[in-house]
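Down below is the structure, laid out as structure tokens.
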Amino acid sequence: MDARTRMVARAAREITPGMVVNLGIGLPTKVVDFLPEDMPVCLHTENGMTGIGPTLPDEEADRNLIDAGGAYVSPIPGSAYFDSTVSFALVRSGRLDLTLLGAFEVAENGDLANWKIPGKFSPGAGGAIELAQKARRVAVMTTHTDRKGNPKLLSRCTLPLTARGRVARIFTDLAVVDVTLEGFVLRELADGVSVKEVSEATGAKLILPDTDIPRF
Amino acid sequence: MKLPDKSLSLDAAVARIPDGATVLVGGFGVPGTPFTLLRELMRQGQKDLTLVKNDANEAGMGIDHLLANGQVKKLITTHLGLNANAIAMMNDGRLEVEFCAQGILAERIRAGGAGLSAILTDIGLETELAEGKQIVEMDGKRLLVEPALRADVALIHADRADPFGNLAYAATARNFNPAMAMAADLVIAETERLAPLGGLSPEEVETPGAFVDQVVRLSEISEEYGVVRR
């Protein structure tokens, strides 16, 4: 398993039986492939579906059935379709137990930036503002650094924010990091990665726990 | 008694859209996008349009044709990430873009269709999206005033319809269509299947025909509606 796949597999373990979960566009949607088939969980997508089943190859796809990232998905027994107003009523009223989102930057105070790099790439937030502001628990999945090696975990975000102070946990290719009142706390390390490497790739103080740091 | 027939040809229905119109366009990605109405709007060439759509489709698809054709002055949307042309036009200043949180865009449209003036919400507070917006205090909370969005025209894609304009949708092709179908002065729905009056059971109607002005039966489902092979 490469580092990215391990991150996805580890993030999948954040989902526990009975949850209602929204998986953001990009890396988070890959989590589906690591959920046990018999796991009782309700996956929501903001374009209007609960009960997302497996992603289908093009030949088997229904042209009217996608997730918010554009992947062709399938229904499972008990799935439901609804319009965008209902979809976001579900989000804003607190029915989501967990959302996993992508990030450009995450700060040690839980701020998230993932919709705008001024003048370069401003795709817009889609549903991310509501997901980040209203899901009961917000976790982020991201590479620890950007393509140029710059840290994405920072003391403060420099880009326009998606939401303030809402990120609780970050899954990266190097580590699992929690956001606490004291700042970033290292919880787990990817196989073959040292504490020093994670610290050096983090743009803020990284607090080490007193206990052993598990591997994933 | 008998319900009125609102079916009309594609060109006659789209010809009712004037230059300068604000146009709601259904769809989230491919599903629910009224590709045929959009192509006809490109062919007829109405100008200075303000479009409201969840996303900008992808390059070479849907509203991208109108952007590339210079017919759009402003786009109110939530996400452009899949259309590099739209991002380039925005960055060059050739297209004015107003970003909106996705559910708030839906709810502003719903309010517009429900005869309301605005909604109050905490979504987007303390972000750039709150800049310049009115803030009120209620129950000790600061809330943004998000004005209702009602348009001149709505372009809707339905799976099934009858000539009165009763509409039903398929799977995730609902998305913004039901709210938009209630929120414009001229609502034009294209439909994959046109049943005779009574052909849609009252139980399955999702948008009552009283909201809809014209119904256009699609003579074919073009490739644009198909599965996108990436």
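The values are calculated or read from the model by the stated rules, or taken from the named source; none is laboratory data. Keep in mind that this is a model prediction, so the values were computed, not measured. Every residue, glycine among them, receives a Cβ derived from its backbone with ideal geometry; neighbour counts consider all protein chains shown. Areas reflect the complete protein model, heavy atoms only, side chains present, ligands, DNA and RNA absent. Shrake-Rupley method; radii C 1.70, N 1.55, O 1.52, S 1.80 Å.
Figures for the structure shown
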{"read-out": "Boolean, B:THR78 is touching a helix residue (DSSP H, G or I) at 6+ places or on another chain (Cβ under 8 Å), within 14 Å of chain A (Cβ to nearest Cβ) and open to solvent by less than 40 Å² (accessible area, probe 1.4 Å)", "value": "yes"}
{"read-out": "From A:VAL73, A:VAL31, A:VAL91, residue being part of a strand (DSSP E or B) and crowded, with 22+ Cβ neighbours inside 10 Å", "value": "A:VAL73"}
{"read-out": "Any hit, the stretch B:147-158, residues being within 12 Å of chain A (Cβ to nearest Cβ), farther than 22 Å from B:PRO4 by Cα and in a loop (DSSP other than H, G, I, E, B)", "value": "no"}
{"read-out": "Any pair with Cβ under 8 angstrom, 6 or more apart, that starts in the stretch B:38-64 at a residue that is away from chain A (no Cβ under 14 Å) and aromatic (Phe, Trp, Tyr) and ends at one that is crowded, with 21+ Cβ neighbours inside 10 Å and in a loop (DSSP other than H, G, I, E, B)", "value": "none"}
{"read-out": "Single residue of the stretch B:210-227 satisfying the filter (among the β-branched types (Val, Ile, Thr) and assigned to a loop (DSSP other than H, G, I, E, B)) that is least open to solvent (accessible area, probe 1.4 Å)", "value": "B:VAL212"}
{"read-out": "Strands (runs of 3 or more DSSP E) contained in the stretch A:114-183 and holding at least 1 residues modelled with pLDDT under 95 and either within 14 Å of chain B (Cβ to nearest Cβ) or open to solvent by less than 10 Å² (accessible area, probe 1.4 Å) (or both)", "value": "none"}
{"read-out": "Residue check for B:LEU194: in contact with a strand residue (DSSP E or B) (Cβ under 8 Å, 6 or more places away or on another chain), away from every other protein chain (no Cβ under 12 Å), open to solvent by 10 Å² or more (accessible area, probe 1.4 Å) and within 21 Å of B:LEU66 (Cβ to Cβ)", "value": "no"}
{"read-out": "Residue in the stretch A:100-113 that is within 11 Å of chain B (Cβ to nearest Cβ) and within 19 Å of B:PRO31 (Cα to Cα) present", "value": "no"}
{"read-out": "Qualifying positions in the stretch B:87-118 - farther than 22 Å from B:ALA68 by Cα, more than 11 Å from chain A (Cβ to nearest Cβ) and surrounded by fewer than 17 Cβ atoms within 10 Å (Cβ to Cβ)", "value": "B:GLY115, B:LEU116, B:SER117, B:ALA118"}
{"read-out": "The stretch B:164-182, residues that are buried (at least 24 other Cβ atoms within 10 Å of the Cβ) and away from every other protein chain (no Cβ under 11 Å)", "value": "B:GLY165, B:ASN166, B:LEU167"}
{"read-out": "Candidate set from the stretch B:119-129 (those that are out of contact with any Leu (no Cβ under 6 Å at 6 or more places or on another chain) and not in a loop (DSSP other than H, G, I, E, B)); member that is farthest from the other protein chains (Cβ to nearest Cβ)", "value": "B:ILE119"}
{"read-out": "Any hit, the stretch A:51-59, residues being surrounded by fewer than 18 Cβ atoms within 10 Å (Cβ to Cβ) and in a loop (DSSP other than H, G, I, E, B)", "value": "yes"}
{"read-out": "Residues located in the stretch A:34-48, provided they are assigned to a loop (DSSP other than H, G, I, E, B) and away from chain B (no Cβ under 14 Å)", "value": "A:LEU35, A:PRO36, A:GLU37, A:ASP38, A:MET39, A:PRO40, A:VAL41"}
{"read-out": "Single match in B:THR207, B:THR127, B:THR121 (criterion: open to solvent by less than 30 Å² (accessible area, probe 1.4 Å) and under 16 Å from the mean Cα position of the chain (by Cα))", "value": "B:THR207"}
{"read-out": "Positions within the stretch A:1-25 being open to solvent by less than 40 Å² (accessible area, probe 1.4 Å) and out of contact with any Ser or Thr (no Cβ under 9 Å at 6 or more places or on another chain), in sequence order", "value": "A:VAL8, A:ALA9, A:ARG10, A:ALA11, A:ALA12, A:GLU14, A:ILE15, A:MET19"}
{"read-out": "Test for B:VAL153: is it free of Cβ contacts under 8 Å to residues at least 60 places away in the same chain and more than 30 Å from A:PRO75 (Cα to Cα)", "value": "no"}
